[in-house]
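Take a look at the structure below.
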Amino acid sequence: MAIDDIALTLVPGLGVKGVVHLLEVFGTAQAIFAASADELAGRAELRPDVARSIAARKSHPEAERELRHCRRHGITPLASTDDAYPALLREIPDYPHVLYIKGNAEVLSQRCLSMVGTRRISTYGQRLCDELVRGLTRIPQVVVVSGLAFGVDVACHRAALAAGIPTVGVLANPLPDVTPAQHTSVALDMIERGGALISELHSQSKQRGTFYLARNRIIAGLSAGTVVIESPASGGSLATAHYADGYDRTVMAPPGRTTDANSFGTNSLIRNRKALLIRSADDIAEELQWEFALSRDEKTAPAPTPELTAEEREVLSLLGDEPRTLAELIAASGRDYAALSVLLMGLELSPAASDVYKRQTELVRALPRRENEEGNSTNSINRAR
């Protein structure tokens with residue numbers, strides 16, 4: 001992360017897509033600021049005034065102030081060219097070049113799942129948040145991502161905190177402030193318990209309503225999948241689902257009653273095949289191909305063994321405490337040599353066979369060899385057949 005990265009995002013008239021375009025052409029922020037105005041205008045087809053502003057490094061004093069602000073408040077700026085930048089977010093076409101992070105930046109590169117929904121959460125929605133998040137605890141390195149807004153967002157953050165899952169809040173305001181202020185205590189808990197708060201907005205950003213919509217693309221871009229818990233026919237959570245679908249990420253939603261306004265949006269997503277129907281965390285894991293971690297009991301439990309067939313059990317019962325020859329077994333079982341050999345082989349390979357059988361088969365195999373030495377083995381088997 002260099003001062004040039006922050007300065008690039010502060011160039012007037014450039015915007016998010018303009019920054020992405022310049023990085024595609026020149027590779028790094030340092031290379032962009034090393035270029036001449038003519039080169040910027042020619043290779044990147046920038047407007048002459050924007051090219052001159054970049055070449056004159058006019059945004060660097062502001063970038064230096066921003067860096068001091070970050071140091072003062074314990075904020076980590078992360079550039080898209082840094083190794084620690086979340087790979088999934090880097091894949092979207094309108095990724096933010098600089099993320100401002102307060103907390104644990106490493107969780108952004110773990111198994112992120114976005115969970116969003118209406119601000120007017122119902123009792124049903126609250127129960128869904130709690131149950132789905134609690135079910136995620138068996139998925140290694142899972143992280144719950146949301147927007148810290150009222151309703152479903154903060155319910156999912158709180159459910160993650162209760163379940164011991166790191167959770168990330170994507171804010172539509174500059175750090176270190178939290179919007180809404182009523183969720184500041186939740187935000188502090190998120191940081192203290194291994195999560196993070198992130199924003200693409202520098203401290204000198206003037207608040208605009210469009211920031212919330214832009215924030216939703218980051219929520220969608222960070223995660224392999226997005227779950228819409230509850231949503232009316234329109235709203236920000238449906239915009240997040242639209243972003244996720246456009247980024248080719250998995251969109252999921254639990255169904256709701258057709259008469260509930262809070263389910264109009266989710267039911268519509270499912271009906272129009274814009275979201276996969278889920279009922280539990282197991283469904284989420286299956287859709288994202290995330291494996292569950294084995295519990296301690298599952299790790300130590302013996303693997304299930306196949307049951308013996310009736311014929312195998314019958315032959316096993318003929319093996320007592322004393323060794324028996326093959327001829328004796330043939331006579332006692334009423335089977336010929338070929339049939340008995342198949343059953344004995346199956347018992348030998350079966351993990352369901354008892355230790356008594358394992359010991360006896362050693363004796364059974366040894367006896368014919370001893371009889372051969374006496375010249376009797378072949379004749380005794382032939383007589384039994």
- Here, helices (runs of 4 or more DSSP H) confined to the range 36-78 with at least 2 residues that are touching a residue at least 12 places away in the same chain (Cβ under 8 Å) and under 30 Å from L108 (Cα atoms) are 60-73
- What's the number of the condition T259 fails, among (1) of a type in the set (S, T, Y); (2) assigned to a loop (DSSP other than H, G, I, E, B); (3) surrounded by 24 or more Cβ atoms within 10 Å (Cβ to Cβ)? (3)
- Query: Only one residue in L128, L113, L108 is within 19 Å of R249 (Cα to Cα), in a helix (DSSP H, G or I), touching a residue at least 60 places away in the same chain (Cβ under 8 Å) and not polar (S, T, N, Q). Which one?
  - Reply: L108
- Taking S109 and the conditions (1) among the polar types (S, T, N, Q); (2) out of contact with any Phe, Trp or Tyr (no Cβ under 9 Å at 6 or more places or on another chain); (3) surrounded by 15 or more Cβ atoms within 10 Å (Cβ to Cβ), which numbered condition does it fall short on, given that it satisfies the others? (2)
- The condition of being in contact with a Cys (Cβ under 7 Å, 6 or more places away or on another chain) and at pLDDT 95 or above holds, among I229, I284, I218, only for I229
- Message: I'd like to know if the range 167-189 contains one or more residues that are under 19 Å from the mean Cα position of the chain (by Cα) and in a helix (DSSP H, G or I).
- Response: no
- Task: Of the numbered conditions (1) surrounded by 15 or more Cβ atoms within 10 Å (Cβ to Cβ); (2) outside any loop (DSSP other than H, G, I, E, B); (3) in contact with a helix residue (DSSP H, G or I) (Cβ under 8 Å, 6 or more places away or on another chain), D94 fails exactly one; give the number of that condition.
- Result: (2)
- Scanning the range 134-148 for residues that are in contact (Cβ under 8 Å) with a residue 60 or more places away in the chain and crowded, with 19+ Cβ neighbours inside 10 Å, the one nearest to the chain's Cα centre (by Cα) turns out to be V142
- Task: Please go through the range 239-256 and pick out each residue that is in contact with a helix residue (DSSP H, G or I) (Cβ under 7 Å, 6 or more places away or on another chain), surrounded by fewer than 24 Cβ atoms within 10 Å (Cβ to Cβ) and part of a helix (DSSP H, G or I).
- Result: A239, Y243
- Within the range 209-230, is there a residue that is farther than 30 Å from A7 by Cβ and surrounded by fewer than 24 Cβ atoms within 10 Å (Cβ to Cβ)? yes
- Query: So S231 clears everything in (1) in contact with a Leu (Cβ under 9 Å, 6 or more places away or on another chain); (2) under 28 Å from R65 (Cα atoms); (3) part of a loop (DSSP other than H, G, I, E, B) except one condition, right? Which one?
  - Reply: (2)
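State which residue is nearest to V152 (Cα to Cα) when the search covers only the range 252-275 and only residues that are touching a Gly at 6+ places or on another chain (Cβ under 7 Å) and of a type outside the set (G, A, S). Talk me through it step by step, then tell me what you get.
Restricting attention to the range 252-275, the residues satisfying the condition of being touching a Gly at 6+ places or on another chain (Cβ under 7 Å) are 252, 262-263, 265-267.
Those left that are additionally of a type outside the set (G, A, S): 252, 262, 266-267.
Working: M252: 15, N262: 11, T266: 13, N267: 17 Å.
Within the range 252-275, the match that is nearest to V152 (Cα to Cα) is N262.
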- Task: Restrict the check to the range 25-33 and report whether at least one residue is out of contact with any Pro (no Cβ under 7 Å at 6 or more places or on another chain), at pLDDT 95 or above, over 19 Å from L89 (Cα atoms) and crowded, with 20+ Cβ neighbours inside 10 Å.
- Result: yes
- With A239, A233 as the choices, which residue is touching a Phe, Trp or Tyr at 6+ places or on another chain (Cβ under 6 Å) and not β-branched (V, I, T)? A233
- Query: I229: under 21 Å from the mean Cα position of the chain (by Cα) and of a type in the set (A, V, I, L, M), yes or no?
  - Reply: yes
- Task: May I ask you to verify whether R120 is surrounded by fewer than 19 Cβ atoms within 10 Å (Cβ to Cβ) and assigned to a loop (DSSP other than H, G, I, E, B)?
- Result: yes
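The values are calculated or read from the model by the stated rules, or taken from the named source; none is laboratory data. All values derive from a computational prediction rather than experimental measurement. Methodologically, a virtual Cβ is constructed for each residue, glycine included, from the backbone with ideal geometry; neighbour enumeration extends over all protein chains shown.
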